[in-house]
Structure formats: C-alpha cells, structure tokens
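The values are calculated or read from the model by the stated rules, or taken from the named source; none is laboratory data. Just so it is clear, the structure is predicted and the values come from calculations on it, not from any experiment. Because the Cβ atoms are built from the backbone with ideal geometry, glycine has one as well, and the counts that use them run over all protein chains shown.
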Amino acid sequence: MKAFFSDDQLLHDPQQFMRLGRIVHPTDLPARAEALMATLKTRGITVLESPDYGRAPLEQVHSSDYLDYLETAYERWEALRAEGKDPGIEVLPNGSPYGVSYAAGQRRGPCPSPHIVARTGYYITDLSCPIGPNSWRSILRSSHAAVAAADAVLAGDPLAYGLCRPSGHHAYYDRAGGFCYANNSAAAAARLRQKFDRVAVLDIDAHHGDGTQHIFYERSDVFTLSTHADPAGQYPWYTGYAHETGAGEGQGYNLNLPLVHGSGIAEFTAALDTAFAAIGQFGAQALVIPLGFDGLKGDPTALLGFDYDCFRLAGQRVRALGVPTVLVQEGGYMVDAIGTALDAFLEGLEA
C-alpha cells in the first residue's frame with residue numbers, strides 16, 4: 001500500500017476552539033498525524049511526499065470564492081491591525097448571516113460583502129475552525145495527500161492511503177466546519193471519476209460526513225454513505241438523518257446509517273452489512289473510505305463505544321468488496337490510541 005503525506009500538514013497549529021460555551025484547548029493537534037505516521041513506519045509502509053497540485057483538484061468540489069477566502073483570510077485578518085483594530089490570534093467568526101441555511105446540493109453565491117469579518121461569518125460555520133498563519137498551506141497540502149492516493153489508484157494500485165490532516169469531511173462546497181476546511185474525501189472521489197463511472201464514498205468517522213453529502217447530493221455517479229453517531233445529540237446536529245436520500249438526479253444515492261450513542265461492534269456490523277449491500281447494488285467501481293477513529297470509546301469528540309475490533313472488521317469488509325480503494329484520514333483525537341486503530345484497520349485489510 002502506498003501512503004501519502006507532507007510535513008506542511010503539521011504547520012496548522014490551532015490554539016483554540018469553542019466547546020459547550022467555553023474556549024478550550026484544541027484537539028486537532030499535529031501529534032495526531034505523527035502517531036499515524038509511526039504506525040505506518042512500524043508496518044514498513046513507505047510514506048511518499050504528495051505532489052503539489054495547487055488548487056485545481058479542490059476547485060472540482062469547492063467554489064472559487066470560498067477557496068480565495070481560505071487562501072487570504074489570515075493575511076486580511078492581520079491587516080485589521082493597520083486599521084487600529086485588535087483582532088484575535090486566529091481568524092474566527094463573530095457572526096453568521098441570517099437565512100443561509102440551505103439544503104444539501106444547493107449553492108450560494110459569493111459573500112456579498114468584501115469585509116474579512118463578513119466573509120469569515122459567511123464561510124466558517126462554527127468556532128472549531130480557527131485559521132492561523134500557516135493554516136492554508138496545511139489545508140492545501142492535506143488535500144494533496146488524498147488526491148495523490150487517488151492518482152495511485154488511477155494508475156493501477158488496488159489501495160492507497162492519504163494521511164490527511166486537517167480533516168475534511170465536514171467541509172461543504174463553500175464553508176468550513178468541524179475542524180474541516182477542504183473536503184479531502186470529496187476531492188479524492190472527484191479525482192477517481194476521471195476513470196471510474198461509479199464511485200462510492202463510505203464514511204466511517206463517528207460524525208456524519210455532512211460536507212461530502214452536500215457536495216454530491218444531486219449526483220448519481222457518486223454514492224455517498226455514512227455511518228455515525230445519531231446527530232440528534234451529536235455534531236453536526238442538522239444533517240445525517242435516515243430520511244436524507246439525495247435530490248434530483250441524486251435521489252436514492254445518499255444513505256445515512258445513524259447509530260445509537262454507545263453503539264459497539266454489533267450495531268456497527270449491522271450498519272456495515274447494509275452499507276456494503278447498497279454499494280454492491282450500486283455497482284461501485286471504486287471506493288473512498290473517509291477513515292475516522294473518533295468512534296473509539298473515550299474519544300473526546302464522539303459518543304460511540306467502538307473498540308479496535310470494529311476497525312479490524314471494517315478493513316475486512318473493504319478487502320472483501322474487492323474494488324480499488326482510497327483511504328482518506330478523517331477524525332480521531334485520542335492521540336495515544338489512533339495509531340493502534342489504524343493498525344487494526346490495516347490488519348483487517350490483510351486478513
């Protein structure tokens with residue numbers, strides 16, 4: 001298996017985020033990527049430097065005005081100081097525009113105001129996505145890891161892994177949220193469409209892949225599936241319910257499998273049974289797995305009760321499907337445990 005990563009992905013070093021009304025220390029630490037790298041090294045998997053693709057792959061799944069915002073946000077934020085203002089150490093929204101809640105698949109126009117404060121409220125959903133001086137470079141290079149893994153599969157490799165950090169599956173067509181800025185999994189799926197007519201995206205992170213769902217919601221060539229903690233009591237709250245099945249040409253090509261909080265391997269097995277049956281019926285020619293380890297019992301951001309056997313099982317099911325597969329790293333915030341979770345998943349792939 002080929003794996004892809006760039007040290008630039010460690011540059012994003014958030015200092016804060018909001019949790020239950022308090023500004024707290026971040027959980028998306030550079031050490032997450034380092035722990036996963038250590039597992040790959042132990043397994044003898046060489047990690048390759050991702051090529052620099054620029055913005056082009058992201059422009060397949062995000063609006064140009066949104067990417068312009070991400071690329072220039074910190075510089076424009078700091079420019080407020082020249083106006084006599086005293087902005088915080090990172091870019092964060094202090095408001096959101098009224099009435100911009102929109103259904104999956106729908107598109108907004110560019111932000112009507114050029115002001116950095118207005119644009120920040122427009123393009124960042126919540127207070128978990130601070131932008132610092134090096135964030136854009138890490139965001140861009142994280143997406144390149146996913147695209148490089150997709151290119152490896154396009155070139156004939158049966159399996160490749162994009163060690164993406166920051167994560168991406170909560171990033172919509174034109175907004176950030178939930179530690180995610182650019183949708184790496186969506187970029188990988190779009191890349192695979194260059195060769196494969198039917199691509200499935202099965203998200204096994206503990207949180208609903210709402211951004212990925214939104215990007216492909218009206219398409220029938222990319223089947224999006226997500227198994228996750230019930231969003232009625234878990235981020236992202238507003239999407240991830242079973243009744244969301246696609247729209248227009250995409251009707252029937254989105255499947256959400258929410259799990260009762262505290263679910264373990266029995267519930268996860270049932271969800272995977274349903275998901276892989278649907279993928280088989282769809283006739284997927286390639287697969288993207290947004291791979292999150294925040295389902296582990298005790299993770300600070302999620303409410304599931306998974307053990308390592310859950311990820312070993314997921315690896316076994318991916319192998320049994322037998323289609324070219326891109327793994328895209330998503331969440332998982334117990335730094336001491338995520339390397340073992342990745343090892344269990346890879347063990348399942350080899351079983």
Within segment 298-345, can you find the residues that are buried (at least 22 other Cβ atoms within 10 Å of the Cβ), of a type in the set (A, V, I, L, M) and assigned to a helix (DSSP H, G or I)? ALA314, VAL318, ILE338, ALA341, LEU342
From (1) crowded, with 20+ Cβ neighbours inside 10 Å; (2) part of a helix (DSSP H, G or I); (3) touching a strand residue (DSSP E or B) at 6+ places or on another chain (Cβ under 9 Å), pick out the condition that doesn't hold for LEU67. (3)
Of the residues GLY162, GLY132, which is surrounded by fewer than 24 Cβ atoms within 10 Å (Cβ to Cβ), modelled with pLDDT of 95 or more and touching a helix residue (DSSP H, G or I) at 6+ places or on another chain (Cβ under 9 Å)? GLY132
From the set of residues in segment 22-56 that are within 19 Å of the chain's Cα centre (by Cα) and acidic (Asp, Glu), which is modelled with the highest pLDDT? GLU34
Exactly one of these conditions fails for ILE204: (1) closer than 14 Å to ASP294 by Cβ; (2) out of contact with any strand residue (DSSP E or B) (no Cβ under 7 Å at 6 or more places or on another chain); (3) not polar (S, T, N, Q). Give me its number. (2)
Which pairs turn up if I take residues in segment 278-305 that are closer than 19 Å to PHE345 by Cα and in contact (Cβ under 8 Å) with a residue 60 or more places away in the chain and look for partners that are among the basic types (Lys, Arg) and in a loop (DSSP other than H, G, I, E, B) with beta carbon separation below 9 Å, at least 6 apart in sequence or on another chain? ALA286/ARG193; ALA286/LYS195; ALA286/ARG198; LEU304/LYS297
Please list, ordered by first then second residue, the pairs with beta carbon atoms under 7 Å, 6 or more apart or interchain, first in segment 229-245 and closer than 17 Å to PHE293 by Cα and among the charged types (D, E, K, R), second at pLDDT 95 or above and assigned to a loop (DSSP other than H, G, I, E, B). ASP230/VAL260; ASP230/HIS261
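Mind checking which helices (runs of 4 or more DSSP H) fall wholly inside segment 166-283 and carry at least 2 residues that are surrounded by fewer than 19 Cβ atoms within 10 Å (Cβ to Cβ) and polar (S, T, N, Q)?
Passing ranges, in order: 265-282.
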Considering only residues that are part of a loop (DSSP other than H, G, I, E, B) and of a type in the set (A, V, I, L, M), look in segment 49-64 and name the one that is farthest from VAL147 (Cα to Cα). VAL61
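Part of a loop (DSSP other than H, G, I, E, B) and either among the β-branched types (Val, Ile, Thr) or closer than 27 Å to ALA278 by Cα (or both) - does that describe any residue in segment 136-155?
The answer is yes, given that some residue of segment 136-155 is part of a loop (DSSP other than H, G, I, E, B) and either among the β-branched types (Val, Ile, Thr) or closer than 27 Å to ALA278 by Cα (or both).
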Which residue, of THR46, THR27, THR42, is in contact (Cβ under 8 Å) with a residue 24 or more places away in the chain, over 21 Å from ALA149 (Cα atoms) and of a type in the set (Val, Ile, Thr)? THR27
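Here are TYR217, TYR241: which of them is modelled with pLDDT of 95 or more and farther than 17 Å from ALA171 by Cα? Explain how you work it out, then say what you get.
Working: TYR217 fails: farther than 17 Å from ALA171 by Cα.
That would be TYR241, the only listed residue that is modelled with pLDDT of 95 or more and farther than 17 Å from ALA171 by Cα.
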Does CYS111 meet the test of being part of a loop (DSSP other than H, G, I, E, B), among the hydrophobic types (A, V, I, L, M, F, W, C) and either without any contact (Cβ under 8 Å) to a residue 40 or more places away in the chain or buried (at least 23 other Cβ atoms within 10 Å of the Cβ) (or both)? no
